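Peer 1: Got a structure for you, questions after.
The values are calculated or read from the model by the stated rules, or taken from the named source; none is laboratory data. Note that the structure is predicted; figures quoted are calculated from it, not measured. FYI the Cβ positions are ideal-geometry reconstructions off the backbone, even for glycines, and counts take in every protein chain you see. Areas reflect the complete protein model, heavy atoms only, side chains present, ligands, DNA and RNA absent. Shrake-Rupley method; radii C 1.70, N 1.55, O 1.52, S 1.80 Å.
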Amino acid sequence: MTTPSTTTRADAVPGASSAPRTLFRKIWDAHVAADLHDGAVLLYIDRHLVNEVTSPQAFDGLRLAGRRVRRPDRTIAVADHNVPTDHRAGGVAAIADPESRLQVETLERNAADFDIPYVPLLSRRQGIVHIIGPELGLTLPGTTIVCGDSHTSTHGAFGALAFGIGTSEAEHVLATQTLIQQPARAMLVQVSGQLRAGVTAKDLILHIIGRVGTAGATGHVIEYAGPAIRDLDMAGRMTVCNMSIEAGARAGLIAPDEKTYRWLQGRPWAPAGEDFTRARLHWETLHTDPGASYDKTVHIDAASIAPMVTWGTSPEAVTGIDGHVPDPAHVSDPARRQQMDAMLAYMGLAAGTPLRGLPIDMVFIGSCTNGRIEDLRAAAAVVGPRRIAAGVRALVVPGSGMVKAQAEAEGLHRIFLDAGFEWRDAGCSMCLGMNPDRLAPGQRCASTSNRNFEGRQGPGGRTHLMSPQMAAAAAIAGRIVDARDYLP
Amino acid sequence: MMPFTRLDAVAAPLPLVNVDTDKILPAPFLKTISRTGLGKGLFHSLRSEPDFILNHAPWDQAGILVALDNFGCGSSREHAPWALLDFGIRCVIAPSIADIFYNNCCKNGILPIVLPHTDIDRLMALATDPATATLSVDLAQQTVRATTGLALPFVIDAQRKQDLLQGVDDIARSLTREADIAAYEHAMDSRQVGVRAITQAGLDG
Ligand code: SF4
């Protein structure tokens, strides 16, 4: 967690209980296994999540050096990025793409060789790693969580310090259960007021990214606070923390509260009985002390936010549903102007075009940003008895097997299937173009995922990020519309 | 990893902001279980355009990239620095570099250098002209030099510098702190309530 151009707050009285501390600092202080140099520490890692894409080279490194995994009991492996989300019954052997199959098989073999608990493809527990971690009760307040995936920030919704790491760092965690880290700076995003009806956590975080910029929080851990954050359910908080990385932040954090405790109760690996009561006493101390200072503060008025839609190939290129594609001619910085020109060319959009009414070809509802049961319920409520527009292809991909089972128990799949959506198995799916679900060149997609980078959903694909409600409404209208006009 | 001491190489200008890791190496190239051979996917879509700088001499031999703000943003894929390395890039210079990518570079013997915009503008201009595109990066001296006599100092964390200079395996170094880690784990059980061992039971069905 370093940014070389700026000083860190290493001198800020670590562990001194009298000095007011931020939530970030409290978790940090509780996980210092060894002090190194210049404020750097060995930070102890409570949970290490492992996926098939970023781990093979880490296990190779261990083998080459003759090293073991220090704490298999704090590690869990699952395949999510590569796995097909249809015709699952044949298991791993039936994965058509040989390279994808090899990656999943390699994960299975590494998990077996190093004794790491593994969620098999055909387990009802399988799913996107950032969805199943909380579901299993592995994500707890005050813990440190890492994964070779940048959206590990999702778990911060529970007041856990959770961040993405590279493969070399993953190897370091496997071998030592620690990471070499320097303290990040602390940033507060204070969200006052109330979100208007039909405006969601996704709109809130897209708005925040638009304000902060994709590099605005580089080197920082963002803590989200304020009444509008307290009002969010856990699913919404996960959506917000998930996209912290899109503002450049290493992690997002929300202090735990009653909603957090209630959500955790009864989860397979959450503490139970006496332990829960004791854990809760500890969790209640996990908040920023009055008087603690942040390096940066941003104020957001929730009431000012409309349903958001991205128009470019960076998540900061975003506007409200009533907005227009901006005009590069109005941008003075030449590099920014050039980027904007390139974005509009790639997206096939002319300056001044209203977002509302833009025809779409594909709809993707899913991903670790919006693949939870609450997201599917919200989308289904918009769909109601209607059918998707002719010529549109639409996918609903539950974030986990448990989400899928829950949705089917509630009959949501019937609503989607009757409307003409495809109802899939759990995985990353069309969030990134590395499994069979992807856009064809030039296709325009209303997507609930988190990145609209060039080629992210398939080469030449054009992504508009939005909420599940907005994506569902787009599927029905065949164009980008205001989901509030479709609410029951 | 390969030590980084001094690098004399052609610098390629990449005057783009927010170059994300999908752009550096798109997802289809992540389907590998090895670290090598990724150079062919580097900047895949940009390189399909004949005009792209890395398709032209002398920049097709570039060892240094000069880019604009927020280089390496996006995913944590270490495949992005592996692809740079496989192509021959050992140094990235930009006004700001995304955190995870910065870390990943250091772990792979790629030197990430953050310089002010004014310095970047000068380097960008030099890199654009084949006559001045060769730069000399000296990590021990913490200086980027051009053939024109220009010398720009840069800042880097002391430990990272040492590790890069020596090509050191930081896992080996951290394992020398085994006693500290064990002591932490010992005390942890009383500090941490409810962080239970993960078991295979319950995951299969
Ligand atoms: S759903 Fe998308 S963002 Fe989330 S882990 Fe999968 S690929 Fe990454």
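Peer 1: If we scan the range A:146-157, do we find a residue that is away from the ligand (no atom under 16 Å from the Cβ) and either open to solvent by less than 20 Å² (accessible area, probe 1.4 Å) or more than 14 Å from A:ASN242 (Cα to Cα) (or both)?
Peer 2: No: the range A:146-157 contains no residue that is away from the ligand (no atom under 16 Å from the Cβ) and either open to solvent by less than 20 Å² (accessible area, probe 1.4 Å) or more than 14 Å from A:ASN242 (Cα to Cα) (or both).
Peer 1: Among the residues of the range A:81-99, is there at least one that is more than 9 Å from chain B (Cβ to nearest Cβ), farther than 19 Å from A:LEU395 by Cβ and within 16 Å of the ligand (Cβ to nearest atom)?
Peer 2: Looking for residues that are more than 9 Å from chain B (Cβ to nearest Cβ), farther than 19 Å from A:LEU395 by Cβ and within 16 Å of the ligand (Cβ to nearest atom), one finds none in the range A:81-99, hence no.
Peer 1: Please work out which residue is nearest to B:HIS79 (Cα to Cα), limiting yourself to the range B:108-134 and to residues that are outside any loop (DSSP other than H, G, I, E, B) and among the small types (Gly, Ala, Ser).
Peer 2: B:ALA127
Peer 1: Farther than 30 Å from A:ASP275 by Cα, hydroxyl-bearing (Ser, Thr, Tyr), surrounded by 13 or more Cβ atoms within 10 Å (Cβ to Cβ) and within 10 Å of another protein chain (Cβ to nearest Cβ): is that true of B:SER136 in this structure?
Peer 2: So B:SER136 does not fit the description; no.
Peer 1: Kindly establish whether B:LEU164 is part of a helix (DSSP H, G or I) and either crowded, with 17+ Cβ neighbours inside 10 Å or facing another protein chain (nearest Cβ under 10 Å) (or both).
Peer 2: yes
Peer 1: Considering only residues that are open to solvent by 10 Å² or more (accessible area, probe 1.4 Å) and either more than 10 Å from every other protein chain (Cβ to nearest Cβ) or aliphatic (A, V, I, L, M) (or both), which ones fall in the range B:14-24?
Peer 2: Answer for the range B:14-24, where residues must be open to solvent by 10 Å² or more (accessible area, probe 1.4 Å) and either more than 10 Å from every other protein chain (Cβ to nearest Cβ) or aliphatic (A, V, I, L, M) (or both): B:LEU16, B:VAL17.
Peer 1: Could you grab me the full set of residues in the range B:25-45 that are part of a helix (DSSP H, G or I), more than 8 Å from chain A (Cβ to nearest Cβ) and open to solvent by less than 30 Å² (accessible area, probe 1.4 Å)?
Peer 2: Answer for the range B:25-45, where residues must be part of a helix (DSSP H, G or I), more than 8 Å from chain A (Cβ to nearest Cβ) and open to solvent by less than 30 Å² (accessible area, probe 1.4 Å): B:LEU38, B:GLY39, B:GLY41.
Peer 1: Taking the range A:439-488 only, how many residues are assigned to a helix (DSSP H, G or I) and more than 16 Å from the ligand (Cβ to nearest atom)?
Peer 2: Here the count works out to 11.
Peer 1: If you don't mind, another one. Enumerate the helices (runs of 4 or more DSSP H) found wholly within the range A:204-275, keeping only those where 1 or more residues are away from every other protein chain (no Cβ under 14 Å) and of a type in the set (Phe, Trp, Tyr).
Peer 2: A:258-264
Peer 1: Moving to a separate point now. Counting just the residues of the range A:425-434 that are open to solvent by less than 20 Å² (accessible area, probe 1.4 Å) and either more than 9 Å from the ligand (Cβ to nearest atom) or not in a loop (DSSP other than H, G, I, E, B) (or both), which one comes out nearest to the other protein chains (Cβ to nearest Cβ)?
Peer 2: Per the stated criteria, the residue is A:GLY433.
Peer 1: If you take the residues in the range B:167-178 that are open to solvent by 40 Å² or more (accessible area, probe 1.4 Å) and at the interface with chain A (Cβ under 7 Å from one of its Cβ atoms), which one is nearest to A:ALA58 (Cα to Cα)?
Peer 2: Only one residue fits best here, namely B:LEU175.
Peer 1: Residue by residue through the range B:62-121, note down the ones that are more than 23 Å from A:CYS147 (Cβ to Cβ), at the interface with another protein chain (Cβ under 8 Å from one of its Cβ atoms) and β-branched (Val, Ile, Thr).
Peer 2: Of everything in the range B:62-121, just one residue is more than 23 Å from A:CYS147 (Cβ to Cβ), at the interface with another protein chain (Cβ under 8 Å from one of its Cβ atoms) and β-branched (Val, Ile, Thr), namely B:VAL114.
Peer 1: Tally time: how many residues in the range A:76-100 are of a type in the set (Val, Ile, Thr) and touching a Pro at 6+ places or on another chain (Cβ under 7 Å)?
Peer 2: Within the range A:76-100, residues that are of a type in the set (Val, Ile, Thr) and touching a Pro at 6+ places or on another chain (Cβ under 7 Å) number 2.
Peer 1: So, in the range B:179-205, of the ones that are among the acidic types (Asp, Glu) and within 8 Å of chain A (Cβ to nearest Cβ), which residue ends up most open to solvent (accessible area, probe 1.4 Å)?
Peer 2: Here the answer is B:ASP204.
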